[in-house]
Amino acid sequence: IKKIVLGKNIDTVGTAAFFRCENLEKVVVYSKDTRFGANCFYGADENLVIKCLEGSEADLYAQKNNIKVEYFESVADSSCKGTDEKVYYTGSPVKLSNLRVYNSKNQFMRLGVDYVVSYENNTEIGTAKLIITGRGEYVGTKEVEFEILCPYHSEEHACYTEQVIYPDCEAGGYIVKDC
C-alpha cells in the first residue's frame, strides 16, 4: 500500500492499524475529526506524509508523531481566467463558457474533481456572481463577479431603440433605453 484515502465518514483509525506498512507514502484524511490510535503508522516509510485540514485531529497526530504534514489548499488562493468573457442577457441563466481555474502553483484545476461552480444573480443584465467551491484536496470558496451585458450592447452603443405602441391609442413611436 502506497496511499490511503480516509473519507469524511471515518471517525477512528485503530492502534497500529498500518503497523509496518513500509511502502506507505501518503495518507489523505478528509475529516477534521478522524482520530488515530497509538503507533498507527509505526514502521511506515520515513517520508510518509499526511495530507489533511490544518488544525484537524490528523494534523495534531502528525505533529505529535513527527510525521510530515501537507494541508489541503484553499480555492480562495486560486486564480481564474475567462471571467472577463462577454456574456449577454438571454432571458435564461447565463454561465461562463471559457472559465479556467488554476491553483496557487498555477496548475490547472479540474472542474468536478478539484472544484465545482455555482452562480448567483445570473439571469438579468448587471453584475452576476460565480462561486467556486473546493472538492477533493481543495477546500473553501472563492467568489468572482462578472457582468451580463444587454444583448444590444456594443463597443459603440450603450443604448438601444425599442418600438412602442401605446395601448390606449393608435399612436406609436420609438424610445431609447440605456443598456
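Read-outs: derived from the displayed coordinates by stated rules, not from any lab. No experiment lies behind these values; they were computed from the predicted model shown. When we count neighbours, we look across all protein chains shown, and the Cβ atoms used for this are built from the backbone with ideal geometry, even at glycine.
Amide H contacts of residue 24 (H built 1.01 Å from N, in plane; Pro and chain starts excluded): 45 sit under 5 Å, all sequence-distant by 5 or more or on other chains. Charges were assigned to the Cβ only: +1 to each Lys and Arg, -1 to each Asp and Glu. The resulting dipole of the range 85-145 about its Cα centre is roughly 220 debye.
For the range 1-48, rounded, prolate or oblate, judged on the Cα gyration tensor with a ≥ b ≥ c (square roots of eigenvalues), a/c < 1.5 rounded, else prolate if a/b > b/c? Verdict is oblate for the range 1-48. Working note: Karplus 6.51/-1.76/1.60 with θ = phi - 60° gives the range 113-128 the couplings 10, 9, 7, 10, 10, 9, 10, 9, 6, 10, 10, 10, 5, x, 8, 10 Hz, where Gly and Pro are set to x.
Here the mean projected area of the convex hull built on the C-alpha positions of the range 1-149 is 9.9 nm².
Remark on the range 88-159: ratio of C-alpha radius of gyration to 2.2 N^0.38 Å is 1.31. Summarising the amide proton neighbourhood of residue 13: residues at separation of 5 or more, or on other chains, whose placed amide H is nearer than 5 Å comprise 35, 36, 37. Summary of packing: across the peptides 118-127, 103-112, the per-residue average of other C-beta atoms within 10 Å ranks them, highest first, as 118-127, 103-112. By the Stokes-Einstein formula, at 1.567 mPa s and 4 °C, the range 1-88 with its Kirkwood radius over alpha-carbon pairs has D equal to 91 µm²/s.
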